[in-house]
Amino acid sequence: MKDFDPATSFGVDVAADYADYKRGDEEDAAAFLAEFAKEGSALEFAIGTGRIALPLAKKGVQVDGIELSPHMVEQLRAKPEGQNINVIIGDMSRATTNHQYPLVYLVFNTIFNLLTADDQIRCFENAARHLTLNGYFIVETALPHAWISPDKSDYVHTEYVGQATVGLDVARYDPVTQLLEENHIRFTTQGIMMSPIVCRLITPGEMDLMARIAGMRLVQRFANWQRSPFDIHSKAHISIYGF
Ligand SMILES: C[S@@+](CC[C@H](N)C(=O)[O-])C[C@H]1O[C@@H](n2cnc3c(N)ncnc32)[C@H](O)[C@@H]1O
């Protein structure tokens, strides 16, 4: 997608829309993650508006964040409980809080938001730098084949059909660059709103190699926050890496 800039893709409007968004996995994710934040602290890469960080903080975990979009952080700050979360504005593959944690986590497919293999590897390396010796880096993401397949590399998916609003997701995948170019388009009686995003899809195996480059190993992999076994039917994975 020509001129796409990841730094601006979560701008004012997207952030405002996202502020109270719930995916439905928030409580399960927080319960799962709390078990790994044993000494009571955690770092979320790409913390967004605190969808997971706030329920995790409610469980007594001191959560810090790194986040690229100041607009997402503004939405987090607007929530009363969001005031207690320390956030560094920056790129999760490079920025640092200058602390170490028993848990660093990155959820909701956001490893895909880094658009080169080098940046994705740097993200694993940055996670390793922020971990205590017994710490874990937990990554939750979809499996690429759940989104695209050789006969489905271009698609239009209907996200929402209402009387005054229709939402479409229009996408195209390039298997050479592994980039999925998507535009979430909302047609309303007031006009058309476009939210473009580009993702670099990687498999669990590629992630395991990136972890090895960063000095970590896969400890365990589940299909979901309920710890269902990861198997041939899985559409997503939660991978736990440690030293
Ligand atoms: C799908 S949202 C997820 C937010 C939050 N983790 C959640 O689960 O609700 C993706 C977030 O990643 C942020 N992001 C994208 N690339 C980033 C990067 N390189 N470094 C830090 N944050 C990034 C975006 O600004 C956005 O807030």
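Looking only at residues that are surrounded by 22 or more Cβ atoms within 10 Å (Cβ to Cβ) and among the hydrophobic types (A, V, I, L, M, F, W, C) in the range 69-79, which one is nearest to residue 13 (Cα to Cα)?
Within the range 69-79, the match that is nearest to residue 13 (Cα to Cα) is 72.
Regarding residue 60, is this residue without any contact (Cβ under 8 Å) to a residue 60 or more places away in the chain, under 14 Å from the mean Cα position of the chain (by Cα), over 29 Å from residue 148 (Cβ atoms) and not in a helix (DSSP H, G or I)? Full working, then the answer.
Details: without any contact (Cβ under 8 Å) to a residue 60 or more places away in the chain: yes; under 14 Å from the mean Cα position of the chain (by Cα): no; over 29 Å from residue 148 (Cβ atoms): yes; not in a helix (DSSP H, G or I): yes.
Judged against the criteria, residue 60 is not a match.
Would it be correct to say that residue 133 is surrounded by fewer than 18 Cβ atoms within 10 Å (Cβ to Cβ), in contact with a Lys or Arg (Cβ under 7 Å, 6 or more places away or on another chain) and either closer than 17 Å to residue 242 by Cβ or not hydroxyl-bearing (Ser, Thr, Tyr) (or both)?
Values: surrounded by fewer than 18 Cβ atoms within 10 Å (Cβ to Cβ): yes; in contact with a Lys or Arg (Cβ under 7 Å, 6 or more places away or on another chain): no; either closer than 17 Å to residue 242 by Cβ or not hydroxyl-bearing (Ser, Thr, Tyr) (or both): yes.
When the stated conditions are applied, residue 133 does not pass them.
Scan the range 3-25 for residues that are crowded, with 19+ Cβ neighbours inside 10 Å and within 14 Å of the chain's Cα centre (by Cα) and jot them down.
Once the filter is applied, which keeps residues that are crowded, with 19+ Cβ neighbours inside 10 Å and within 14 Å of the chain's Cα centre (by Cα), the range 3-25 yields only 10.
May I ask you to list the residues in the range 163-177 that are touching a Lys or Arg at 6+ places or on another chain (Cβ under 7 Å) and exposed (fewer than 15 other Cβ atoms within 10 Å of the Cβ)?
Just the residues of the range 163-177 that are touching a Lys or Arg at 6+ places or on another chain (Cβ under 7 Å), to begin with: 165, 167.
If the condition is that a residue be touching a Lys or Arg at 6+ places or on another chain (Cβ under 7 Å) and exposed (fewer than 15 other Cβ atoms within 10 Å of the Cβ), then 165 is the only one that fits.
Among residues belonging to the range 80-123 that are under 23 Å from residue 175 (Cβ atoms) and either among the hydrophobic types (A, V, I, L, M, F, W, C) or touching a Phe, Trp or Tyr at 6+ places or on another chain (Cβ under 6 Å) (or both), point out the one that is surrounded by the most Cβ atoms within 10 Å (Cβ to Cβ).
It comes out as 111.
Scan the range 1-43 for residues that are within 9 Å of the ligand (Cβ to nearest atom), hydroxyl-bearing (Ser, Thr, Tyr) and either out of contact with any helix residue (DSSP H, G or I) (no Cβ under 8 Å at 6 or more places or on another chain) or part of a loop (DSSP other than H, G, I, E, B) (or both) and report the count.
Count: 2.
Taking the condition within 16 Å of the ligand (Cβ to nearest atom), surrounded by fewer than 19 Cβ atoms within 10 Å (Cβ to Cβ) and on the phi < 0 side of the Ramachandran plot, does residue 127 pass? Let's see the steps before the verdict.
Values: within 16 Å of the ligand (Cβ to nearest atom): yes; surrounded by fewer than 19 Cβ atoms within 10 Å (Cβ to Cβ): no; on the phi < 0 side of the Ramachandran plot: yes.
Spelling it out, it is not the case that residue 127 is within 16 Å of the ligand (Cβ to nearest atom), surrounded by fewer than 19 Cβ atoms within 10 Å (Cβ to Cβ) and on the phi < 0 side of the Ramachandran plot.
Looking only at the range 216-237, count how many residues are touching a residue at least 24 places away in the same chain (Cβ under 8 Å) and farther than 23 Å from residue 52 by Cα.
Total satisfying the criteria: 2.
Taking the condition under 15 Å from the mean Cα position of the chain (by Cα) and under 15 Å from residue 62 (Cα atoms), does residue 101 pass? Steps first, please.
Working: under 15 Å from the mean Cα position of the chain (by Cα): no; under 15 Å from residue 62 (Cα atoms): yes.
No; evaluated as a whole, the condition is false for this residue.
Which of the residues belonging to the range 80-120 are farther than 17 Å from residue 199 by Cβ and away from the ligand (no atom under 13 Å from the Cβ)? Lay out the reasoning, then the answer.
Looking only at the range 80-120, we keep the residues that are farther than 17 Å from residue 199 by Cβ, and these are 80-90, 94-105.
Of everything in the range 80-120, those that are farther than 17 Å from residue 199 by Cβ and away from the ligand (no atom under 13 Å from the Cβ) turn out to be 80, 81, 83, 84, 86, 98, 99, 100, 101, 102, 103.
Which condition number does residue 103 fail, the rest of (1) in a loop (DSSP other than H, G, I, E, B); (2) within 22 Å of residue 133 (Cα to Cα); (3) touching a strand residue (DSSP E or B) at 6+ places or on another chain (Cβ under 8 Å) being met?
Result: residue 103 passes all but (1).
Outside the structural domain of residue 17 (by TED's automatic domain parsing) and either of a type in the set (D, E, K, R) or under 23 Å from residue 5 (Cβ atoms) (or both) - does that describe any residue in the range 211-224? Before you say what the answer is, go through the steps one by one.
Just the residues of the range 211-224 that are outside the structural domain of residue 17 (by TED's automatic domain parsing), to begin with: none.
So far as the range 211-224 goes, no, none of its residues is outside the structural domain of residue 17 (by TED's automatic domain parsing) and either of a type in the set (D, E, K, R) or under 23 Å from residue 5 (Cβ atoms) (or both).
Would you check which residues across the range 132-142 are touching a strand residue (DSSP E or B) at 6+ places or on another chain (Cβ under 6 Å) and more than 14 Å from the ligand (Cβ to nearest atom) and list them? Show your work before the answer.
Of all residues in the range 132-142, those touching a strand residue (DSSP E or B) at 6+ places or on another chain (Cβ under 6 Å) come to 132, 135-140, 142.
Matches in the range 132-142: 132, 135, 136, 137.
The values are calculated or read from the model by the stated rules, or taken from the named source; none is laboratory data. Worth saying up front: this structure is predicted, and the values here are computed from it rather than measured. When we count neighbours, we look across all protein chains shown, and the Cβ atoms used for this are built from the backbone with ideal geometry, even at glycine.
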